[in-house]
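The values are calculated or read from the model by the stated rules, or taken from the named source; none is laboratory data. Not measured: the values here are computed from a predicted model. We place every Cβ from the backbone using ideal geometry, glycine too, and count neighbours over all the protein chains shown. With ligands, DNA and RNA removed, areas are computed over all heavy atoms of the protein, side chains included. Shrake-Rupley method; radii C 1.70, N 1.55, O 1.52, S 1.80 Å.
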Amino acid sequence: MPESLSINEFASFNLAILVYFLGVRLNKKIPFLNRFNIPEPVSGGLLVAFVALLIYLGFDKEIGFSLKSRDYLLFCFFTAIGLNARFSDLAKGGKPLLLLLFLTVGYMLLQNIVGTGIALAMGLPTGFGLLGGTVSLVGGHGTAIAWGPKLVADYGVPGAVEIGAATATLGLIAASLLGGPVGNYLIEKRGAKPAADRPEEAPMIGIESDREGGTSVTHTGLMRSLLVLNIAIGLGVWLQEALKTWFGLDLPVFVVCLFCGIVLSNTVPALFPKMTWPARSRSLAVLSDLALGIFLTMSLMSLQLWTLAGLAGPMMLILAAQILVAGLFIVVVLFPVMGRDYNAAVLGAGFAGFSLGATPTAIANMTAVSKHYGPATQAFLVLPLVSAFFVDLANAVIILLFLGG
């Protein structure tokens, strides 16, 4: 057994900040990373993960990071998306939202067809193919761990939890590395560059002037934003428990927090018009960017790459096929259907993120592309709503469909 070296919460959190700056430095020094819009947390986080792998192989020491604060950062990020959302924006984005939802469900079916098809061709059970499909890729670590015991007990897939977690890890790496190059290809080679004379847009859903001081970030603005974030998160945690207890509906906490943010931002300002509300302020944007950056850095630097050694040859074949299918689907299907424009290209980068990894990876991919080429408001509006709200619900139905109910 390897010796375990645990790094406490305080050290892990601050190390993540240092690793983020390491990623910034790497992106400046290595043209490839900057050219293909690899997010800074990915550059720094993966380097640390590989160093941890070398320590494990060379010194038989297993480095583990404490990640308790990571969940809170995830809640902050998604709640900020909710606070910035307006029902009027959702109405404006109705058609792109429905198109992306339709494409996403279609892709999830395709992902499971690829996974189960290869598994069955190699004489493996359907459940094994689903681990190389939406259980671990679109679903991520949480879904893989949740479905693993059932696949072991009821569907004859030994080691499903471990295989699923390892597959989700490799999918997250692939998602982090695929999004930037795909977005870059669509923009540079498929004519999706933003028009030079188009009106300036704001990233995410939009940033407007703070009432407390124009467009500046102030200490009162930051405190106000943090207070509202925490209120929405508290409501989200309570509501998630209530839904689970009363109705048996076990939604991810970050999804419920996002919903609470939307409800608060579309009710409180109307009921109390004189209240200064932090939605779309630069103060809230700073907190959102901080939460996303540190969350993704912690996620990637804590990857235990030595667990990938447990992946069987068939699973590696399925994963290779899934990466190829994801890239082709984005270029051949999603990009044309979503309009062949700049927003469609940024959506393509984001779709690579959550189709193989997770929603924060998708947002990081889109952020990296938009920093290089310019903001893409519509892309940042519709993708989180589809990937955060609808995907988990649709995935449960699709997995049961492939398992035969």
Can you name every one of the helices (runs of 4 or more DSSP H) wholly within the stretch 96-202 that holds 1 or more residues which are open to solvent by 10 Å² or more (accessible area, probe 1.4 Å), free of Cβ contacts under 8 Å to residues at least 60 places away in the same chain and of a type outside the set (G, A, S)? 140-155, 160-189
Can you pull out every residue in the stretch 257-295 that is surrounded by fewer than 22 Cβ atoms within 10 Å (Cβ to Cβ), in contact (Cβ under 8 Å) with a residue 12 or more places away in the chain and in a loop (DSSP other than H, G, I, E, B)? N266, T276, W277, R280
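For (1) aromatic (F, W, Y); (2) modelled with pLDDT under 90; (3) in contact with a strand residue (DSSP E or B) (Cβ under 8 Å, 6 or more places away or on another chain), each residue gets a yes or a no:
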site	(1), (2), (3)
I55	no, no, yes
D71	no, yes, no
A85	no, yes, no
S88	no, yes, no
L99	no, no, no
A121	no, no, no
T126	no, no, no
T134	no, no, no
For the stretch 10-36, which positions are touching a residue at least 40 places away in the same chain (Cβ under 8 Å), under 20 Å from L290 (Cβ atoms) and of a type outside the set (A, V, I, L, M)? S12, F13, Y20, G23
Might you let me know whether the stretch 16-38 holds any residue that is open to solvent by 30 Å² or more (accessible area, probe 1.4 Å), in a loop (DSSP other than H, G, I, E, B) and at negative phi? yes
Filtered residues of the stretch 49-80 (kept if open to solvent by 30 Å² or more (accessible area, probe 1.4 Å), farther than 21 Å from L239 by Cα, among the hydrophobic types (A, V, I, L, M, F, W, C) and assigned to a helix (DSSP H, G or I)): F50, V51, L53, L54, I55, L57, F59
Can you name the residue in the stretch 387-405 that is open to solvent by less than 30 Å² (accessible area, probe 1.4 Å) and under 14 Å from the mean Cα position of the chain (by Cα) and is also nearest to P194 (Cα to Cα) among such residues? S387
Give me the residue from the stretch 296-310 that is of a type in the set (A, V, I, L, M, F, W, C) and assigned to a helix (DSSP H, G or I) and, out of that set, surrounded by the fewest Cβ atoms within 10 Å (Cβ to Cβ). A309
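Per-residue answers, yes or no, for (1) open to solvent by 10 Å² or more (accessible area, probe 1.4 Å); (2) in contact (Cβ under 8 Å) with a residue 24 or more places away in the chain:
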residue	(1), (2)
A320	yes, no
F329	yes, yes
A362	no, yes
T377	yes, yes
L385	yes, yes
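Matching residues to (1) in a helix (DSSP H, G or I); (2) closer than 13 Å to L83 by Cα; (3) out of contact with any helix residue (DSSP H, G or I) (no Cβ under 9 Å at 6 or more places or on another chain); (4) aromatic (F, W, Y):
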position	(1), (2), (3), (4)
T220	yes, no, no, no
M223	yes, no, no, no
V228	yes, yes, no, no
I233	yes, yes, no, no
G236	yes, yes, no, no
L239	yes, no, no, no
K244	yes, no, yes, no
L249	no, no, no, no
